[in-house]
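The next block holds one structure in the form of structure tokens; read it before the comments.
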Amino acid sequence: MKKHIADTIGEVAGTIISAKDDAWPEFRTNVWNLFKDANINSVFAGFYILESFLTFAPDHFKEYTNDLYALFKLGLEH
Amino acid sequence: MKCFVSYLEVLEIKGQANFQSLIISMFEAVYVLVQKDNNEEGLEALSEMLEVEPRFFKKNFKELLELLTKIFRLPNIEGGVRRMTTEILVDYAEKSPALFRKRKEAL
């Protein structure tokens with residue numbers, strides 16, 4: 001259920017932001033905050049959201065490739 | 001892992017190069033998932049990536065073969081995992097036959 005909700009958030013955000021890049025200005029900050037949370041479920045939620053979001057609006061995180069690299073590295077190694 | 005694959009699929013080839021250093025970690029994660037729980041999710045993600053961007057793994061072809069061989073040789077491996085491992089090998093051979101011509105022992 002949690003994954004389903006996160007997927008939906010990613011899709012909705014992706015649809016909105018791909019139509020207008022500044023339509024949801026807090027989205028990126030909210031996603032980063034999920035990854036900063038000590039609760040592992042929040043981190044998983046962050047990954048699920050990104051997984052579906054990136055297929056809709058991949059350029060939204062274009063400037064943050066290094067941050068994404070660090071996140072993926074951490075995720076794969078744990 | 002699926003998030004990683006999802007991002008790689010939308011990156012341009014130049015951008016993908018920066019992430020090639022994560023390939024070994026990805027392979028290790030796939031192996032751990034299979035070894036611990038016969039979990040196919042890692043293999044599914046790997047299969048998807050090979051389908052979309054086979055060239056991404058070209059430089060780590062040897063390590064990819066080693067991973068698939070290791071998985072295949074795991075004791076108590078489920079039929080589904082064994083089948084998926086074989087499918088990945090066959091699909092990759094279809095996509096990159098030149099690589100396999102140089103390493104026929106892989107087949």
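The values are calculated or read from the model by the stated rules, or taken from the named source; none is laboratory data. What you see is a predicted model, and the numbers here were worked out from it, not measured in a lab. Methodologically, a virtual Cβ is constructed for each residue, glycine included, from the backbone with ideal geometry; neighbour enumeration extends over all protein chains shown. Surface areas here come from the heavy atoms of the whole protein model, side chains and all, with no ligands, DNA or RNA. Shrake-Rupley method; radii C 1.70, N 1.55, O 1.52, S 1.80 Å.
Among the conditions (1) touching a residue at least 40 places away in the same chain (Cβ under 8 Å); (2) under 10 Å from the mean Cα position of the chain (by Cα); (3) more than 10 Å from chain B (Cβ to nearest Cβ), A:Phe35 misses just one, which is (1). Within segment B:68-86, not a single residue is in a helix (DSSP H, G or I), modelled with pLDDT under 80 and open to solvent by 100 Å² or more (accessible area, probe 1.4 Å).
In this structure, is B:Lys70 in contact with a Phe, Trp or Tyr (Cβ under 7 Å, 6 or more places away or on another chain) and over 22 Å from B:Ser6 (Cα atoms)? Yes.
Per this entry, B:Val32 is not counted among residues that are among the β-branched types (Val, Ile, Thr), out of contact with any helix residue (DSSP H, G or I) (no Cβ under 7 Å at 6 or more places or on another chain), open to solvent by 20 Å² or more (accessible area, probe 1.4 Å) and more than 14 Å from every other protein chain (Cβ to nearest Cβ). The residue list A:Ala38, A:Ala13, A:Ala23, A:Ala45 contains one member that is in contact with a helix residue (DSSP H, G or I) (Cβ under 7 Å, 6 or more places away or on another chain) and not in a helix (DSSP H, G or I), which is A:Ala23.
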